[in-house]
Amino acid sequence: MSEQLLPGYIIRRGSLLERSLLLKFMQRTYGDVFPNEDFSHLEQTVKQYFSSDTPLWWVEEEGEQGSNKESFSSAPLPPIACLWVGNAIDQVHGNRHAHIFILYVVPEHRRRGIGTALMRYVENWAIQRGDRQIGLQVFQSNKPALNLYNQLGYQTQSIWMVKFLSAEK
């Protein structure tokens, strides 16, 4: 079942059969931020975390799926955005909450309000299931995503720190 997300775009719930498409979107997501890296390891993330308990939504252009347009191919166009959400536990209060694994909009469809609409969609979904917060991780170098989340009222709660280790001494 799908519904209109914004004029011209529909959102539909993904299925567990779309594992490979989710993996492609994850690789694109990370590839945009780190273009020279190999993200083949993300397959393990999808295998480990993608389940019926971690919903996935796709955004498609309205009218492209099931349209009566004359076409030489009946193959649907690929989604233009995705949102994959998991569950986390707030370590301060112990409450379960939604955690956004990925939100990705293909470059050709950015700056049209799709990311904002997806965030509002997931916020409503989380409220309906009783969550009191949503968590996500965003890379400091991803300024467009940081701007989006800040505009939507998200605040930094913690800072994730890493130290790269070398076996050489």
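The values are calculated or read from the model by the stated rules, or taken from the named source; none is laboratory data. Note that the coordinates shown come from a computational prediction; the quantities given were computed from them, not determined experimentally. FYI the Cβ positions are ideal-geometry reconstructions off the backbone, even for glycines, and counts take in every protein chain you see. Side chains are part of the model used for accessible areas, which takes the heavy atoms of the whole protein and leaves out ligands, DNA and RNA. Shrake-Rupley method; radii C 1.70, N 1.55, O 1.52, S 1.80 Å.
What a 1.4 Å probe finds exposed on the stretch 29-169 is 49% carbon and sulfur by accessible area, rounded to a whole percent.
Packing, as the average of other Cβ atoms within 10 Å across residues, places the peptides 116-129, 152-165, 95-108 in the order 95-108, 116-129, 152-165, highest first. Per-residue ellipticity at 222 nm, computed for the chain from helices alone with -39500 (n - 2.57) per DSSP H run of at least four residues, works out to -8500 deg cm²/dmol. Whole-percent P(r), the stretch 75-169, all Cα pairs, 5 Å bins from 0: 2, 10, 20, 22, 17, 12, 7, 5, 3, 2, 0, 0. Mean separation of Cα pairs under 8 Å and 6 or more residues apart, divided by the residue count, gives the stretch 1-160 a relative contact order of 19 percent. Measuring r between the beta carbons of Glu62 and Ala167 and using R0 = 41 Å, the FRET efficiency lands at 0.15. For Ser20, what is the net charge nearby, where nearby means another residue's Cβ is under 15 Å from its Cβ and Lys, Arg count +1, Asp, Glu -1? The answer is +2.
Could you provide, to the nearest whole Å², the per residue accessible area of the chain with probe 1.4 Å?
About 70 Å² of surface per residue is accessible.
Along its principal axes, the chain has C-alpha extents of 65, 41, 30 angstrom, given from the largest down.
If you take the alpha carbon atoms of the stretch 1-62 and fit the smallest convex hull around them, that volume is 97 Å³ per residue. Candidate membrane-span-like segments in the chain, meaning DSSP H helices with Cα atoms spread over at least 20 Å of their own axis and a Kyte-Doolittle mean of -1.0 or above, are 19-33, 114-128, with no membrane implied. Distance from the alpha carbon centroid of the stretch 82-125 to that of the stretch 142-169 works out to 16 angstrom.
Amide H contacts for Ile80 (H built 1.01 Å from N in the peptide plane; partners 5 or more residues away or on another chain; cut-off under 5 Å): Val59, Glu60, Glu61.
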